[in-house]
Amino acid sequence: MNPIHTHATLKLTRRLRRLRTSDAMRALVRETRLSPDTLMLPLFICAGEGVRREVSSMPGVFNLSVDEAVTEVRAARADGVRSVLLFGLPEQKDDVGSAAYDPEAPVQSAIRALKRELPDVLVVTDVCLCEYTDHGHCGILIDDEIANDPTVDQLVRAAISHAAAGADIVAPSDMMDGRVAAIRNALDERGFEHVAIMSYAAKYCSAFYGPFRDAAGSTPKFGDRRSHQMDPANALEALREVRQDIEEGADIVMVKPALPYLDIITRVKDTFGYPTAAYHVSGEYAMLKAAAGNGWIDERRAMLETLSAIRRAGADIIITYYARDAARALA
């Protein structure tokens, strides 16, 4: 039998390749669409003036003083990115993370400057203690163990200070039990009912956070974070965590990291139908940068493919250090 003749005589009524014949055709039927409006840019805010210090493990990412942060966000806004997530690098740390709620700390100062200079940009703030404690853990230590409820008290103070400075959204990332309810109640009692909560609801104890800890100076001096961040093997537990945070008042829920947990993003979105964020974390970013730097991948294509996968999995919001690059590529 002649295989060429056989295929030539087949009458195909459905040719799926018809819808892949050109860029315009592929765009017309595209199921998953990225937009700059879906991207949130993380920024690391430090003390000083005129500081723009590149993070060695994250090419293209910088520690920024407040004035430089305003410049960066203005440029991001011009690219089409309209939301930023702020992390703080305090000048001094202590065992209870008191700089987290200092009204003159870098994050609070940056909030005020950004809302003054760029009022239409959505300012989101990370609420955690790991960047502010001298031991690098996410909470108050009692007998070398993180004490849940005293930590929540400190998180509430930090969230209130961010709201008072003008934050649009506060984002608790600590994974302490009950912190969403405590923050929601405290915000409402003080007249900040309009401030939303984006909860790091399913935050896994991941190997992909290393470069972030380099950027934020938040590596624990001993031990690890397995007592509060989730076991990477668990999926049903993630749904319980998300459900609890929604019941406590979260407005947006987050899965972190993104790529190793695409299945979790999908299950969270399908189960709850809630606004869902995913954090494309520092290690995921650094891997792409390293591979591209060695000429092993096409960085632009890999970036867009990665972010499309996160979006396709169900994320409404993608927090990524590639936000500006992606927005420009999508223009």
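The values are calculated or read from the model by the stated rules, or taken from the named source; none is laboratory data. Note that the coordinates shown come from a computational prediction; the quantities given were computed from them, not determined experimentally. With ideal geometry, Cβ positions are generated from the backbone for all residues, glycine too; neighbour counts draw on all protein chains shown. We work out accessible area using only protein heavy atoms, side chains counted, and drop any ligands, DNA or RNA first. Shrake-Rupley method; radii C 1.70, N 1.55, O 1.52, S 1.80 Å.
For Glu91 and Thr266, compute 0.36 nm times the residue count separating them, minus their Cα-Cα distance, and round to one decimal in nm.
Extra length available between Glu91 and Thr266 comes to 59.0 nm.
Just for the stretch 1-160, what percent of DSSP beta bridges are antiparallel, to the closest 5?
30
Can you give the FRET efficiency to the nearest 0.05 for Ala235 and Ala309, using r as the Cβ-Cβ distance and R₀ = 22 Å?
Once rounded, the FRET efficiency stands at 0.75.
Could you work out [θ]222 nm for the chain from helices alone, using -39500 (n - 2.57) per DSSP H run of at least four and dividing by all its residues? Round to the nearest 500 deg cm²/dmol.
It lands at -12500 deg cm²/dmol.
Cα axis of helix 282-293 to longest principal axis of the chain: angle in degrees, 0 to 90, nearest 10?
50
For Ser56 and Arg300, calculate 0.36 nm times their separation in residues minus their Cα-Cα distance, and state this gained length in nm to one decimal.
This chain segment gains 85.8 nm when fully extended.
Just the number, please: carbon plus sulfur as a percent of the accessible area of the stretch 199-331, 1.4 Å probe, no ligands or DNA/RNA counted.
49
Could you compute the FRET efficiency for Asp251 and Asp37, with r as their C-beta to C-beta distance and R0 at 22 Å, rounded to 0.05?
Rounded to the nearest 0.05, the efficiency is 0.80.
Assuming a strict under-20 Å limit between Cα atoms, what lysine pair count do you get for the chain once near-sequence pairs (fewer than 8 apart, same chain) are dropped?
Here the count comes out as 5.
For the chain, set up a Gaussian network in which alpha carbons nearer than 10 Å are linked by springs, and say which option among Pro106, Pro260, Pro119 fluctuates the most.
Maximum among the listed residues: Pro119.
Counting heavy atoms of the protein chains only and a 1.4 Å probe, report the per residue accessible area for the stretch 58-163 as a whole number of Å².
Per-residue value: 37 Å².
Assign unit charges at the C-beta atoms only (+1 for Lys and Arg, -1 for Asp and Glu), then state the dipole size of the chain relative to its Cα centre in Debye, rounded to the nearest 20. Let's see the in-between values first.
Numbers: 39 positive and 47 negative charges, 512 e Å.
Rounded to the nearest 20 debye, it is 2460 debye.
Between Asp188 and Ala207, 0.36 nm times their residue separation minus their Cα-Cα distance comes to what?
3.2 nm
Which percent of Cα pairs goes in each bin when the distances of the stretch 245-286 are cut into 5 angstrom slices starting at zero?
P(r) for the stretch 245-286, in whole percents per bin: 5, 24, 29, 22, 12, 6, 2, 0.
So how exposed is Arg267, as accessible area in Å² (1.4 Å probe, rounded to 10)?
Arg267 has an accessible surface of roughly 100 Å² with all protein chains in place.
Just want the answer: with Cβ charges of +1 for Lys and Arg and -1 for Asp and Glu, which residue in Pro90, Ser57, Ala75 is farthest toward the dipole's positive end in the stretch 42-96?
Ala75
Where does helix 262-272 land angle-wise versus the long Cα axis of the chain, in degrees 0 to 90, nearest 10?
That helix lies at roughly 80 degrees to the long axis.
Averaging sequence separations of C-alpha pairs under 8 Å and six or more residues apart, then dividing by the length of the stretch 188-331, give the relative contact order as a whole percent.
In percent, rounded to a whole number, it is 26.
Assuming R0 = 30 Å, can you tell me the calculated FRET efficiency for the pair Thr21 and Ala291, based on Cβ-Cβ distance, to the nearest 0.05?
0.45
Just need the relative contact order of the stretch 42-137 here, percent rounded to a whole number, with Cα pairs under 8 Å and 6+ apart.
Once normalised by length, the contact order is 31 percent.
HN-Hα J couplings of the stretch 194-199 from phi, Karplus 6.51/-1.76/1.60, θ = phi - 60°, integer Hz, Gly and Pro as x?
Result, rounded to whole Hz: 7, 7, 8, 10, 9, 8.
What is the P(r) of the chain, as percent of Cα-Cα pairs per 10 Å bin from 0?
Percent of Cα pairs in each bin: 6, 25, 34, 21, 7, 4, 2, 1, 0.
Given N residues in the stretch 159-290, what is its alpha carbon radius of gyration divided by 2.2 N^0.38 Å?
That works out to 1.08 for the stretch 159-290.
For the stretch 255-331, restrict the atom set to alpha-carbon positions and state the Rg and Dmax in Å.
12.7, 41
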